[in-house]
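The values are calculated or read from the model by the stated rules, or taken from the named source; none is laboratory data. Predicted model, so just to flag it, every value in this text is computed and none were measured. Note that each Cβ is placed from the backbone with ideal geometry, even for glycine, and that neighbours are counted across all protein chains shown.
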Amino acid sequence: MKKFIISLTALILLLLPFQPIASASAPYKTETLSSDGQLIETQTAFMPVGDFLSDTEIMAPEDIFADTEGFMYIVDSGTKKVLVANEKGNLVAEIGVGVLEAPTGVHVDELGDIYVADYSKEKIFRFNSEGKLEAEYGRPDSPLFGSTSPFKPQKVGVDRRGNLYVISEGSTNGIIQLSKEGTFLGYYGVNNTDVSISSVIRNLLTTETQKSNMFLKTPPAPDNVAIDSQGLIYSVTGGTENEVIKKLNVAGKNMLSPYISRDATYQDITVDSDGNMFTLNSKGEIHEFDSFGNLLFVFGGTDDGSNRLGLFKQPTGIAIDHNGRLFVTDKERGMITEFEKTAFSEQVHKGIALYKEGLYVESQAYWQSVLELNSSFGLAHSAMGKAYYKQQDYDRSLEEYTLAEDAWGYSDAFWEVRQTWMEEHLGTVFTVLIAIAMIYYMVKYADKRKNILNGPRYSWRKLKSRKLLSELLFLFQFFKHPIDSFYYLKRERAASITSATILYIVLFVEYLLAKFQTGFLFASYISEDASLLIEVLAVFVPILLFILANYMVSTINDGEGRFRDIYIGTIYSLAPYIVFIIPITLISNVLTYNESFIYVFSIRIVYAWCLLILFIMIKEIHNFTFSETVRNIFVTLFGMIIMILVVFIMFVLFDQVYDFVYSIVKEALLRV
């Protein structure tokens with residue numbers, strides 16, 4: 001018994017040191033992008049480590065800025081001043097006491113001058129590093145600024161030349177740019193309006209005079225601004241899903257994808273020394289993107305009342321210092337949360353820093369360690385593919401690019417693999433082709449002299465004389481004489497319900513092969529999500545709707561076609577797809593993006609050819625004129641839409657009836 005107690009005590013003592021580590025888990029989950037573009041959970045990237053300036057009175061922090069010397073600047077609208085702290089979290093100065101009224105934004109330039117945006121006073125104040133007021137910037141008096149343009153500064157940024165970039169409430173013309181002397185330089189980085197289908201139609205149907213009298217949709221005003229170490233300007237815009245994050249060049253043009261994110265609640269942005277962007281939204285989520293706009297991590301969240309560190313009630317500002325520590329202000333709680341990188345995110349950031357500089361091979365070790373921890377990290381697979389490509393290990397590069405679903409990288413690597421194969425086997429291929437050509441002409445010559453192919457010809461003619469095979473082979477007549485073929489189809493019954501049904505089955509099988517065997521570069525599916533039932537519905541429901549709608553519409557409009565004729569004619573109209581889709585699918589597996597026009601053009605030709613034959617089918621089967629055929633097609637499409645709506649309404653009604661009956665039965669059973 002004594003030995004047992006000693007052993008148990010020793011076990012408890014051994015486990016005690018690990019308790020702080022286990023309890024130090026983040027109160028939120030961290031997510032990243034998988035290879036297929038889906039958010040997946042990953043290891044914690046940034047860990048909340050404390051309440052910054054916890055011993056200092058902070059009432060309503062609005063904004064935060066970190067300079068290159070390690071000092072933090074916090075704008076507090078509650079105490080109406082700017083708090084300055086060193087990197088150890090000690091308060092070293094208070095700026096703007098008695099001057100500021102409602103400060104909401106702060107920026108510090110390379111000379112140490114402190115710029116503060118004051119919303120109530122409608123001014124930008126510039127203080128020197130010792131806190132002395134140096135200058136005030138009010139509303140520009142330039143006529144180019146606009147007599148009705150608002151000047152309610154909320155945020156401010158300053159570039160290397162001393163030019164100010166002011167975020168003003170309601171400034172739909174963009175960021176206000178001022179010189180260091182306060183001269184209005186113009187508007188910068190104006191946002192674009194969202195383009196909708198209704199606006200496009202309205203622009204097409206209205207004259208210039210009518211447009212001038214209409215209410216014009218104005219672009220959204222930017223909400224915050226940041227400047228990186230290279231002098232590039234960044235902005236975030238809320239209330240829209242287009243260009244919510246912008247990285248602006250000298251001309252004010254966005255260098256990022258307009259669809260980098262769909263989050264319409266971004267409030268602030270900061271950039272680290274490597275160009276990685278950190279955005280903060282109103283829900284307390286922090287989104288990190290690399291300098292190219294690839295999403296790296298999503299973490300943080302809204303406080304549920306538990307007051308856990310790392311969650312926020314009213315997040316307002318974000319900043320990152322030269323050590324990579326993140327700071328987020330929470331206005332409602334009056335606190336600043338400090339985050340530090342984990343070992344996992346440290347590996348990611350080191351890999352990105354080297355990758356950005358083109359040192360792909362040197363970054364490989366970091367990405368390898370990232371993949372050991374999270375094998376679904378999409379960006380890591382893409383970087384590994386680039387590293388293998390630089391080392392001319394193209395086979396492994398293809399594997400990594402496939403895992404990353406990086407089509408452009410895959411195309412480059414596959415071109416090299418194909419080039420190597422052709423160099424090794426091109427002579428053999430030409431030899432085989434020449435041998436086949438020689439055999440062909442020798443057999444043709446021998447047949448001409450001695451009729452050696454009479455036996456096979458007789459067997460083939462006998463086989464073709466069988467009714468079902470003859471009906472199936474009739475499909476090829478539509479390539480040469482589609483009009484005559486529909487005549488024979490209708491009058492001579494050159495095809496039957498059986499042959500048409502077989503061709504519908506062939507169509508479905510070819511559709512599956514085309515969908516799942518198309519080359520990686522041109523495939524547009526996720527095989528793990530495939531469902532046979534869904535594929536059956538995707539193919540046969542539109543065809544069935546078309547046949548039914550066209551039969552009913554044509555019957556009303558005195559069309560001569562029977563249901564049988566439409567059923568058979570529809571599948572024979574798809575002859576180009578049935579004949580050519582498999583060769584096109586095979587070819588897609590040996591093409592790169594350099595030859596993508598071959599695949600795209602071939603597919604478009606096949607679809608256009610099918611539509612043309614389908615048009616001829618409707619015209620000939622129903623004996624319509626050209627205008628009647630066009631009208632019939634539009635009414636058929638309308639009928640298909642009506643049928644879909646009817647089915648949907650019936651489904652909704654049935655679902656409601658089912659719920660009603662189920663609730664009555666359930667209540668009756670409970671009462672019994």
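When 221, 226 are checked against the criterion of being assigned by TED's automatic domain parsing to the domain that holds residue 115, at pLDDT 55 or above and part of a loop (DSSP other than H, G, I, E, B), 221 stands alone in meeting it.
I need the full set of residues from region 167-182 which are within 15 Å of residue 120 (Cβ to Cβ) and in a strand (DSSP E or B), in order please. Matches in region 167-182: 168 only.
Could you please let me know if residue 321 is in the same structural domain as residue 243 (by TED's automatic domain parsing), in contact with a helix residue (DSSP H, G or I) (Cβ under 6 Å, 6 or more places away or on another chain), crowded, with 17+ Cβ neighbours inside 10 Å and in contact (Cβ under 8 Å) with a residue 24 or more places away in the chain? In short, no. Taking the conditions (1) at pLDDT below 95; (2) under 32 Å from the mean Cα position of the chain (by Cα); (3) not aromatic (Phe, Trp, Tyr) in turn, residue 608 satisfies each one other than (1).
All conditions in (1) modelled with pLDDT of 90 or more; (2) at positive phi hold for residue 451, with the sole exception of (1).
Among the candidates 441, 488, which residue alone is part of a helix (DSSP H, G or I) and either assigned by TED's automatic domain parsing to the domain that holds residue 622 or surrounded by 11 or more Cβ atoms within 10 Å (Cβ to Cβ) (or both)?
Just a single option satisfies the conditions, and that option is 488.
Summed over region 541-566, residues that are over 15 Å from residue 624 (Cα atoms), of a type in the set (Phe, Trp, Tyr) and surrounded by 15 or more Cβ atoms within 10 Å (Cβ to Cβ) total 1. For residues that are of a type in the set (Gly, Ala, Ser) and assigned to a loop (DSSP other than H, G, I, E, B), tally how many sit in region 104-144. Of the residues in that region, 6 qualify.
Only a single criterion out of (1) touching a strand residue (DSSP E or B) at 6+ places or on another chain (Cβ under 7 Å); (2) modelled with pLDDT under 95 is not satisfied by residue 322, namely (1).
Just one of the listed residues (571, 581) is closer than 29 Å to residue 554 by Cβ, surrounded by 11 or more Cβ atoms within 10 Å (Cβ to Cβ) and in contact with an Asp or Glu (Cβ under 9 Å, 6 or more places away or on another chain), namely 581. A search for C-beta distances below 7 Å between a residue of region 597-609 that is not charged (D, E, K, R) and any residue that is not in a helix (DSSP H, G or I), counting only pairs 6+ apart in sequence or on different chains, returns 598/591; 599/522; 599/591. For residue 282, the conditions (1) of a type in the set (Ser, Thr, Tyr); (2) surrounded by fewer than 20 Cβ atoms within 10 Å (Cβ to Cβ); (3) closer than 16 Å to residue 46 by Cβ are fulfilled apart from (3). Only helices (runs of 4 or more DSSP H) whose full extent lies in region 520-600 are considered here, and the ones with at least 3 residues that are modelled with pLDDT under 90 and over 17 Å from residue 475 (Cβ atoms) are 532-556. Does residue 375 satisfy the condition of being within 28 Å of the chain's Cα centre (by Cα), of a type in the set (S, T, N, Q) and not in a helix (DSSP H, G or I)? Spelling it out, residue 375 is indeed within 28 Å of the chain's Cα centre (by Cα), of a type in the set (S, T, N, Q) and not in a helix (DSSP H, G or I). Of the residues in region 616-625, at least one is free of Cβ contacts under 8 Å to residues at least 40 places away in the same chain and either more than 30 Å from residue 518 (Cβ to Cβ) or aliphatic (A, V, I, L, M) (or both). The single condition among (1) crowded, with 19+ Cβ neighbours inside 10 Å; (2) in contact (Cβ under 8 Å) with a residue 24 or more places away in the chain that residue 589 does not satisfy is (1).
Of all residues assigned to region 87-95, at least one qualifies as being within 40 Å of the chain's Cα centre (by Cα), on the phi > 0 side of the Ramachandran plot and modelled with pLDDT under 95. Here the condition is being charged (D, E, K, R), surrounded by 11 or more Cβ atoms within 10 Å (Cβ to Cβ) and in the same structural domain as residue 578 (by TED's automatic domain parsing); of 399, 416, 405, 471, it holds for 471 alone.
Remark: pairs (first residue in region 154-182, assigned by TED's automatic domain parsing to the domain that holds residue 224 and among the acidic types (Asp, Glu); second residue part of a loop (DSSP other than H, G, I, E, B) and surrounded by fewer than 24 Cβ atoms within 10 Å (Cβ to Cβ); Cβ separation under 8 Å; 6+ apart in sequence or on different chains) = 159/231; 169/119; 169/150; 169/152; 169/221. Please go through region 52-97 and give me each residue that is of a type in the set (Asp, Glu), surrounded by 14 or more Cβ atoms within 10 Å (Cβ to Cβ) and in a loop (DSSP other than H, G, I, E, B), ordered by number. Correct list: 67, 87.
Matching residues to (1) under 28 Å from residue 187 (Cα atoms); (2) at pLDDT below 95; (3) under 22 Å from the mean Cα position of the chain (by Cα):
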| residue | (1), (2), (3) |
| --- | --- |
| 232 | yes, yes, no |
| 249 | yes, yes, no |
| 256 | yes, yes, yes |
| 270 | yes, no, no |
| 278 | yes, no, yes |
| 292 | yes, yes, yes |
| 317 | yes, no, no |
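Against the test of being free of Cβ contacts under 8 Å to residues at least 60 places away in the same chain, closer than 30 Å to residue 37 by Cα and part of a helix (DSSP H, G or I), the options 433, 512, 468 yield a single qualifying residue, 512. Of all residues in region 72-121, those satisfying the criterion of being among the hydroxyl-bearing types (Ser, Thr, Tyr) and out of contact with any strand residue (DSSP E or B) (no Cβ under 8 Å at 6 or more places or on another chain) are 79, 120. Residue 411: in contact (Cβ under 8 Å) with a residue 40 or more places away in the chain, in a loop (DSSP other than H, G, I, E, B) and not β-branched (Val, Ile, Thr), yes or no? When the stated conditions are applied, residue 411 does not pass them.
Residue 493 fulfils the conditions (1) loosely packed, with under 14 Cβ neighbours inside 10 Å; (2) among the basic types (Lys, Arg); (3) in a helix (DSSP H, G or I) except for a single criterion, (3).
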